[in-house]
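The values are calculated or read from the model by the stated rules, or taken from the named source; none is laboratory data. As the structure is a prediction and not an experimental result, all values here were calculated from the model. Ideal geometry is used to build each Cβ from the backbone, glycine not excepted, and the neighbour counts take in all protein chains shown.
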Amino acid sequence: MPRFPADFVSLEAQAKEVLPWWIYNYVAGGCGDEYTQRENCDAFRHYGIMPRRFRGSQTRDLTIKLFGNNLTTPLFLCPIGVIGLCSLDLHGDLRVAEASARTGVPMMVSTLSQVPMEEIAAALGDTPGYFQLYPPKDRDLALSLIRRAEAAGFAAISITLDTWVTGWRPRDINNGSFPQLRGHCLANYFTDENFLKRLPKTLNEDLYAAAWEWANVFGDCLSWDDLKWIRQATKLPIMLKGICSPDDARRAVDYGIDALQVSNHGGRQANGGWAAIDLLEDVVKAVDLPVLFDSGVRSGTDVVKALALGATSVGIGRPYAFALAAGGVEGVVHQLKSLLAEADLLMAIDGYPTIAHLKEPGTIARKPR
Ligand SMILES: Cc1cc2nc3c(=O)[nH]c(=O)nc-3n(C[C@H](O)[C@H](O)[C@H](O)COP(=O)(O)O)c2cc1C
């Protein structure tokens, strides 16, 4: 018998049994009545892949190239701010990095980690990692985080655009639960002299004051103009996470951005909007840049559909957080392999030997309802 389930619903049930209730709800929940979060998943069902025959799909190639790196899979691990707490040893960031190293699936490392980004980067082995930046209001601190990401060897920086302030999350409000305000997952700030010099007392003297200072400095509501200094600040490829409109996508090209990420933060930030997958194709058509995708991916079938709609790489969020809780490194490795196996078999049976075949016209369409 396998140790871990091969489907998302059973995996979430396992994780719910082991995670503390406030962490489970922080991960599982979303914004408002969670309509957009549900839509993110449900909308995948409206699309169908056209089965094709006689195309020699007895072997498949799921490799991709991104930022000059040859990757063995089209997946990536989305940044999850509390991933450190989803592991029983409270070092989830490092455990996920180990799974990334073992599978070759890149990890996008959140600004909000339990251990400093340098330690996570060191655990990634030969697999490229990306650093996800929440640009703080303090420009020196922002530049310092970028410098550290470069020095740590990350292959790209992803700027998250939809979270300069936290969305309305009833589960967390009802539970009085916001891990960062209890001092969790702030290691990158607590190891940065540009943050520490803002504190009137040391961390040991007053951890909660430090957490409040983090809340003050956390999110800068960027304007397009800010992309100029961000672009000048680093030679690393820059991705914009949370681009959903084709107009914004086109405009980002003018600022020398290297890739876009269609994402609505898994429905955690703004409720009432479209499912992210319904926005992907138009963004892909608007620009000649790699377009990464996340939000609502729960299966290998979803991965194939996102690729067919034009995604260069497909990210998963909550599924690997639950896999980590249920089974540590082995759980995450199992989860990633399960997604890949399902995607690979679907491509085999439906006659798509490569990702390029998936992107040909006529592969995917919205099904009549
Ligand atoms: C608990 C949790 C924490 C998250 N933390 C971050 C974060 O620190 N930075 C970020 O850019 N996105 C964060 N996200 C959003 C994910 O990167 C990703 O966009 C989303 O989870 C994808 O949707 P899915 O969970 O439906 O797969 C978080 C998501 C969850 C569930």
Pairs needed: first member in segment 231-245, closer than 26 Å to L279 by Cβ and of a type in the set (G, A, S); second member anywhere, at pLDDT 95 or above and within 12 Å of the ligand (Cβ to nearest atom); C-beta distance under 7 Å; at least 6 residues apart or different chains. G242/T160; G242/L161; G242/D162; G242/Q261; G242/S263; G242/H265
Of these, Q132, Q114, which one is more than 21 Å from S313 (Cβ to Cβ) and within 19 Å of the chain's Cα centre (by Cα)? Q114
Please go through segment 5-32 and pick out each residue that is loosely packed, with under 13 Cβ neighbours inside 10 Å and of a type in the set (V, I, T). V9
Given the conditions (1) buried (at least 23 other Cβ atoms within 10 Å of the Cβ); (2) in contact with a strand residue (DSSP E or B) (Cβ under 7 Å, 6 or more places away or on another chain), every one holds for R268 apart from (2)
Tell me, yes or no, whether segment 46-59 has at least one residue that is touching a strand residue (DSSP E or B) at 6+ places or on another chain (Cβ under 8 Å) and surrounded by 18 or more Cβ atoms within 10 Å (Cβ to Cβ). yes
Output the residues belonging to segment 59-84 that are touching a helix residue (DSSP H, G or I) at 6+ places or on another chain (Cβ under 7 Å) and in a loop (DSSP other than H, G, I, E, B). R60, L62, T73, P74, I80, V82
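Go through the residues of segment 130-142 one by one and say whether even a single one is within 11 Å of the ligand (Cβ to nearest atom) and of a type outside the set (F, W, Y).
yes
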Quick one: which of E34, E98, E17, E12 is at pLDDT 95 or above and under 23 Å from V165 (Cα atoms)? E34
Starting from segment 159-188, keep only residues that are on the phi > 0 side of the Ramachandran plot, then list their pairs with residues that are of a type in the set (G, A, S) and in a loop (DSSP other than H, G, I, E, B) whose Cβ atoms are within a distance under 9 Å, requiring at least 6 positions of separation or different chains. C185/G81; C185/S110; C185/S113
Anything in segment 227-252 that is farther than 19 Å from L141 by Cα, away from the ligand (no atom under 13 Å from the Cβ) and hydrophobic (A, V, I, L, M, F, W, C)? List them, or say none. A249, A252
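Would you call A122 more than 16 Å from the ligand (Cβ to nearest atom), hydrophobic (A, V, I, L, M, F, W, C) and in a helix (DSSP H, G or I)?
Here the answer is yes, as A122 does meet what is asked.
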Residues satisfying the stated conditions in segment 321-369, i.e. charged (D, E, K, R) and within 13 Å of T301 (Cβ to Cβ): E342, D344, D350
Qualifying residues in segment 33-45 (those that are away from the ligand (no atom under 11 Å from the Cβ) and surrounded by fewer than 17 Cβ atoms within 10 Å (Cβ to Cβ)) - the one nearest to D172 (Cα to Cα): D33
Considering only segment 1-23, how many residues are more than 10 Å from the ligand (Cβ to nearest atom), in a helix (DSSP H, G or I) and over 30 Å from A365 (Cα atoms)? 8
Hey, can you tell me all the residues within segment 125-154 that are assigned to a loop (DSSP other than H, G, I, E, B), without any contact (Cβ under 8 Å) to a residue 60 or more places away in the chain and either surrounded by fewer than 23 Cβ atoms within 10 Å (Cβ to Cβ) or on the phi > 0 side of the Ramachandran plot (or both)? G125, D126, T127, G153
Of all residues in segment 24-38, which are among the hydrophobic types (A, V, I, L, M, F, W, C) and assigned to a helix (DSSP H, G or I)? V27, A28
Evaluation of M107 against (1) in contact (Cβ under 8 Å) with a residue 60 or more places away in the chain; (2) within 13 Å of the ligand (Cβ to nearest atom) (one fails), failing number: (1)
Going by the conditions given, is G167 under 21 Å from D294 (Cβ atoms) and part of a helix (DSSP H, G or I)? no
Across segment 85-117, the tally of residues that are touching a helix residue (DSSP H, G or I) at 6+ places or on another chain (Cβ under 8 Å) and in a loop (DSSP other than H, G, I, E, B) stands at 14
